[in-house]
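S.K.: Pasting a structure below so you can have a look.
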Amino acid sequence: MHNNDNFNNNNTTTKMSTTKRIKVSESAATQTSVTTVPTILRIKIKLIGSKPPIWRTILCNADTTLKEFHRVIQITMGWWDSHLHQFEVEGQKIGNRDDGCDYMEDERRFTLKDVAPNGRFGYEYDFGDCWEHDIHIEKEVPYDTKLSYPYASRENAIARQKMKISSTRSQMEQSMKI
């Protein structure tokens, strides 16, 4: 047990920084076991200034790093990850320092749970064309064992299919041929 785990007095439910501990009992006569369930966030990604509006809703584990979340955005929005990007959280720029952007904080050091208290943050893709996105962490949702995360919601079936496709461009192009 880590020192930063916080349990309530009766130990029935525990909220940790990234997971929930749930006490599960089969019956009063059986021994109790503890199951750890990931914290899942419902997130709306909106392309700013598009007409008609372009947006996606996804479900993502709160432990996802911003580096991993960048990849989720790329696939969900149909981008090809061929340009620089950055996140902006309360005026702080976070991105890929390996791209020579040493003025930014390293996106591998931050998770969605780190930025979740803010509720909203920005994402910019392609510094030349400036594709700006509003990222809104709408709420925490129950973990569903039938889903694989990240998951694109029902209204975004095309993005959901793309999430399953490998990240290389040639494999994506190959999978989209009719």
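S.K.: Amide H to amide H under 5 Å from residue 93: which residues, 5+ apart in sequence or cross-chain, H placed 1.01 Å off N in plane?
M.R.: Amide H neighbours of residue 93: 105.
S.K.: Enumerate the calculated ³J(HN,Hα) couplings along the stretch 140-151 in order (Karplus 6.51 cos²θ - 1.76 cosθ + 1.60, θ = phi - 60°), each rounded to whole Hz, writing x wherever the residue is Gly or Pro.
M.R.: Values, residue by residue: 7, 10, x, 5, 10, 5, 7, 9, 10, 9, x, 9 Hz.
S.K.: Which ³J(HN,Hα) values, rounded to whole Hz and listed in residue order, are derived for the stretch 61-78 from phi using the Karplus coefficients 6.51, -1.76 and 1.60 in 6.51 cos²θ - 1.76 cosθ + 1.60 with θ = phi - 60°, glycine and proline given as x?
M.R.: 5, 5, 7, 5, 6, 5, 4, 5, 5, 4, 5, 4, 4, 4, 6, 4, 8, x
Computed from the coordinates by the stated procedures, all read-outs in this text should not be read as laboratory data. Model, not experiment: these values are computed from the prediction.
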